[in-house]
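Remarks on the structure that follows.
Any read-out appearing in this document is the output of simple, stated calculations on the displayed coordinates, not a laboratory observation. Bear in mind the structure is a predicted one, so any value in this text is a computation, not a measurement. Heads up, the Cβs are rebuilt from the backbone with ideal geometry, glycines too, and the neighbour counts pull from every protein chain shown.
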Amino acid sequence: MGIRFVLMVNKQGQTRLAQYYEYLTLEERRALEAEIVRKCLARTDQQCSFVEHRNYKIIYRRYASLFFLVGVDVEENELAILEFIHLLVETMDRHFGNVCELDIMFHLEKAHFMLEEMVMNGCLIETSKSNILAPIQLMEKAS
Amino acid sequence: MGSQGGFGQSKEFLDLIKSIGEARSKAEEDRIVLHEIEMLKRRISEPDIPKRKMKEYIIRLVYVEMLGHDASFGYIHAVKMTHDDNIHLKRTGYLAVTLFLNEDHDLIILIVNTIQKDLKSDNYLVVCAALNVVCKLINEETIPAVLPQVVELLGHQKEAVRKKAVMALHRFYQRSPSSVNHLISNFQKRLCDNDPGVMGATLCPLFDLITIDVNSYKDLVATFASILKQVAERRLPKSYDYHQMPAPFIQIKLLKILALLGSGDKKASEQMYTIVSDIMRKCDSTSNIGNAVLYECICCISSIHPNPKLLESAADAISKFLKSDSHNLKYLGIDTLGRLIKLSPEIAEQHQLAVIDCLEDPDDTLKRKTFELLFKMTKSSNVEVIVDRMIDYMISINDNHYKTEIASRCVELAEQFAPSNQWFIQTMNRVFEHAGDLVNAKVAHNLMRIIAEGFGGDDDTADTQLRSSAVESYLRIVGEPKLPSTFLQVICWVLGEYGTADGKYSASYIPGKLCDVAEAYSTDDTVKAYAISALVKIYSFEIAAGRKVDLLPECQSFVEELLASHSTDLQQRAYELQAILGLDAHAATSIMPMDASCEDIEIDKSLPFLNGYVQQSLEKGAHPYIPENERSGMIDVSSFRSQEQHEASTHALRFEAYELPQPVMPSRISPIVQASSSELVPVPEPSYHAEMHQVAASLPSVSDTGSLELKLKLDGVQRKWGKPTYSSAAPSTSNAGTHKIQNGAPQPDGVISSSSRAHDISYDSRRQQIEISPEKQKLAASLFGATSKSDKRQSSASQKVSKTHIPAAEKSHLAMNATSDTAVIEKTPQPPPDLLDLGEATVSGSAQSVDPFKQLEGLLDLNQDTSTINSSIVGASRAPDIMSLLGETALNVQGDSVANLLSAGRDDANLLSGFSNTPVRNDHGGCTLVNPTQQLIKGPNAKESLEKDALVRQMGVTPAGQNPNLFRDLLG
C-alpha cells in the first residue's frame, strides 16, 4: 500500500478533510493529526516538502492557507506524490472553479468523492481529470 | 435547491461551517462541535426527517468525527442512508460508513446485503459506489459474499466499473490472498484492457504480486516495456497528460514494476534499457513531474542489471539534482546517490561537497537522508567520523522514533567497522548514555555478548583488553546521574563478570560501586537484580580464589533490604548470595565458574531431581500431574473454560448452544490435586524451584540458567563483528564488468557528450574547492578519503573509461541498433496492442506543437467557449455583471470587500511562493498570466460561482471577516 492517508489542514491546524486508507481509531487519528500538523507547519518554505514521521513519510504542499498532507510508505516516489496533490487541487479547481478552502468545507462529500475516484486501496488509480469528474458530474445531474 | 439558496444546504449548516471556519482556537472549535453533537443527538432520531435534511445531518456527523469527536450515535443513520435509491444520497451514505466504520464493526453486517444488491444494479454509478465500499469494509469473512459478483464485474461494459472491480479484487488479495489465489490471472487479463484507466489501475495489484513473487511474472517484461514505450510515445488519451508529460503517474508505476522484474536478471534488464534511456532523455527536468519520472528512472537503473550507459546518465541526473537550489531535488539527489553508490562507489566522491552541505543543512529531512547515505557508504576508514556525527545528531534530536533508529545504526556500524576496542566501548557508551532506554533490549544483550566473546578470533589478549577497557570506562561512567536502565544493566553485568578479573580492582571496590548504583536507582528492580547478581559473582569468585570475603557494610544493608523485598526474584537472589557466602571454595567454583557466560548450559526440562519427591507424593495417594492441555474432564468452572479455551481466548461470541456437561469421573476429584499441581506446574521463573529446596549443588545451574535466560538471549542474534563489507577495490572490478555490458546494449547517442560532461563536473568541483572552508575540506577528506587528488584521478579515470567506450559503442551501433529496433517492433503486436487502437488515440505528432494556451489546459475548463480563452476582453465585459450581482445580493457587504474579492487573486501572489521549487514556480508563472481573466470567469459557470460567493457573504462569511483565508483561491 502506498498512500496511508490524505489530510487537508488549514494554517491554524484545523482539519478540513481527512481520509485514511488504513484503519485508525479516533484517538489515534487525533494524535497523529496533531503531531504531523505541528511538524509540517513549523517548516519553512525553503525546506523539503517531505518529512519523515515514524515509519512513513509525509509529503505536504501548501495552497493559500490550506495544507495538503499525504502520508506514504517509505518506498513511494516523493515528487510524484507532490504532483498527485497538485493534480487533486487542479481537479477540484476544475470542478469548483477557483477552488478555495470554503468550497471544500461546503462540499466535503464531493471533495471526498474526487479522492475516491483517484485513490483506492492506497494506490493512485486514476489521473485523468475528466475520468475523475465524470461520475461526480453525472451524479449531480441525476439528483 | 432549498429555500435557503445556492447549496441546497440549510442556514444551520452554513452557520456551522462558518463558525468552524472562523474558530480561532482548538478549544473554540471543540466547543462548537460539542454543541453540534448535542443538537444532532436530539434531531437525528426525530421521525420523518426529509432525506435531504438527513444527508446534511450525516455530513455534519462526518464533520464531528473529522474534528476528533465521537459520532457513533449517528452511525446507524449513515447505514440506513446506504439503502436509499437516490444515487447521491446512497453514495453519501456509503462515504460516511467508510469514514466511520472499520471492517470489523458490528454494523457491517447490515451493509453487506445492500452492497450485494447494489453490485447488481443497472446504474453503473451505483455499482461503482458499492465497489468503493467493498474496498474499504469487506473483511476476510465477508469476501465470499461479494466475490462472485466482483469477478463478474471484471467484464462489465463500463470501464469505470472494470477499474473498480480490479481494485476490489486487489483489496481481497491484500486481505486474504488465499481467498482469491485462483483469480489472480484476471489481473494479467485486465492489463490488456483497452481502456487505459483499467490498465493503469491494474498495475497496482500487479506491482504487489510481482513484489512477492518476481519469477512468475518474468514473461510480462516485454509487455510492460512495450506499454511503457507506448505511454512515453503519447499513445494514451490527452486527458492523461499532466503538465505536458504523457501519463507520468502510469510511467512511474511501470518503472517501479520494471525495477522489480529486472533486479538481478540480465536478460530481463536488457529488454528495458532502450525504453528507460528514451524516457530519461525525454524527461523535462524543469518541472516537478519530469523530475519525478527522472527519479524513478534512476531508481530503476540502480535496481536492474547495471548498464554503463544508463548508469552514466543516471549519474548526470543525480549531479543535476544535487546542484539544484531546491531542497526537494537535493533530497532526491542524496537518495539516488545512496542507491547508485552500490553500483559505482566512485560516484560519491564527485559530490562530496554537496553531501556535506546537505549534512550541515538546517533542514532535518535533508540531514536525515544524508545520514542514511553516510550509513550506506561507511567503511572502516571513515567509520569514526560518521558514527561520531550520527551520535552528535542523535543527542540533538527529541524524536524518539528516529533516535532509536539512528542509535541502532550507530551500534551496527560500530560492531561492523570498529577500528579499536577503546573506540568501540566509548562509542557504545555514548549511544547507551543518550539513548539507552530507546534501543532494543537485543542491542544491550549484543553488547554484553561482544564483551564476553570478544572479536571471535583466537586472540585472547585482545579479548581481555576489550573487557578491561569496558570495566574501566564503566567505572568512570557509573557515577554519572540518570543513566538509562538498560545501560546500567550492561554495566552491572560487565562489572560482575569482569570487574575483578584482571586484579586491578579489589573485591571491595567494585561491590561498593554496585551498591551505589542499586541505591541511586532504588526504584528499578531490574537494575537491582543485575547488581545483586553481580555481587554474587564477585564474591563467589573471591571464595573460589581462596580469599576471605568481608561484606561491606553498604552491601550488608543492601542485601538485607532485598531479603525483605516485595519482589520474590530479588529476595531469591539475596538469599542465594547469603548461602554462597557460607560455602567453600570448591562449591563456589562449581556454582559460579569464572568467565563462563559463554558456555552452553543444558537444561533438563523433565526436572529429574524432583522424581523422588513426586514418587513419594504418589505413594501417599496424590493424584498424578495432568498437563494443562489434557485437563478436560474436571468439574469446576475452570475446567469448563479450559475445554472452551479456544473460544474463550478469542473473546468471540458463541452462537451454538453449549454442550451438555460430561459425566464426571469421581476418581479425578481429589483435594490433593490442587496442592500438588500448584507445586508441580512448571513456573516460568526457574528461581521458584530453587526456593523449595536448599541451596545445594543443583542450585547454581538452575539460577545460572535463570539469569542467563534473563540477560543473554543470544539465539538468532546475528554476529556482525569484524565482518567485511564492500572493499575499496570494488570500482576497478565493476568497471571491467560493465565494459562487456556496454557492448551488448549500445546506446548510440550521448557517449561523447557525456564524457565531456564528466569533464565539466570534475572541473566544477575543483573550482568549487577553492571557495570552501578548510573544515569542510577536512570533513570531506575524512568521509571520502583524499579530496582534490582523488578528484583528479577520478576525472582522468572516467575520461579513460568513456574513451574506451566510444569505439565499442560505435562499432556495435549500426548492427545492434537495427536488431534492437526490430525486436521492439516484433514484441508490440502482442497483448498490449489494444492500447494502440484507443478510440481517442491522438496523433502523436501533434503533441509537440501545442498552442500556448493549451499548455494551461489544466487550469482552464474544457467546457468553456474558446472565446473566453482567447481574450481578456470577455472577462472584462463580465466585470460589470459581477458588480451588479454583488450589488443585488450582498446586502451587508461594504464596497471595500468587493474590491477585496476582485483583487483577491493578486494580492495573494505570494501563495505560490510556498514552493521552493523553481520548476513549480515556472509552471505557475504561466498560470498567473491568465489569472486575471480566470479570476473573473470563475470556473465552469461564472455566474453560479459568483452567486455562491454572494450567498456565503449573506450568511455572514466575508473575506474581510475573521478568517479571510477561507476565500483564497487555492491555485492562486
*Would you tell me the mean number of C-beta atoms belonging to other protein chains that fall within 10 Å of each C-beta in A:107-116, as a whole number?*
5
*Taking other Cβ within 10 Å of each residue's Cβ, how do B:Asp335, B:Asp392 sort, fewest first?*
B:Asp392, B:Asp335
_Using Cβ counts within 10 Å as a stand-in for footprinting exposure, how do B:Tyr295, B:Tyr393 rank, fewest first?_
B:Tyr393, B:Tyr295
*asked:* With a cap of 14 neighbouring Cβ atoms within 10 Å, and only residues DSSP puts in a loop, list the chymotrypsin sites (Phe, Trp or Tyr not before Pro) found in segment B:469-556.
replied: none
*Across peptide A:65-71, how many C-beta atoms of other chains are within 10 Å of each residue C-beta, on average?*
2
*Got a sec? How would B:Asp569, B:Asp48 order by Cβ neighbour count within 10 Å, fewest to most?*
B:Asp48, B:Asp569
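For the pairs A:Lys141/B:Lys41; A:Lys39/B:Lys376; B:Lys369/B:Lys442; B:Lys163/B:Lys238, flag any whose C-alpha to C-alpha distance is greater than 21 Å. Kindly include the intermediate steps, with their values, before the conclusion.
Working: A:Lys141/B:Lys41 32 Å; A:Lys39/B:Lys376 27 Å; B:Lys369/B:Lys442 26 Å; B:Lys163/B:Lys238 19 Å.
Pairs exceeding the cut-off: A:Lys141/B:Lys41; A:Lys39/B:Lys376; B:Lys369/B:Lys442.
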*Around A:His53, which amide H atoms from residues at least 5 apart in sequence, or from another chain, sit under 5 Å from its own amide H, with H modelled in the peptide plane?*
A:Ile58
*May I ask you to derive the FRET efficiency for A:Asp45 and B:Lys342 from their Cβ-Cβ distance with R0 = 30 Å, giving the value to the nearest 0.05?*
0.30
*If each of B:Ser773 and B:Ile212 carries a label point 7 Å out from its Cα toward its Cβ, how far apart are those two points in nm?*
5.3
*Each label point is 7 Å from the Cα along the Cα-to-Cβ direction; what then is the distance between the points at B:Glu472 and A:Arg38, in nm?*
4.5
_Extension gain, B:Asp437 back to B:Ser176 (0.36 nm per residue minus Cα-Cα distance, nm)_ = 90.2 nm
*Which FRET efficiency value, to the nearest 0.05, is calculated for A:Arg30 and B:Ile397 with the Förster distance at 25 angstrom and r the Cβ-Cβ distance?*
0.55
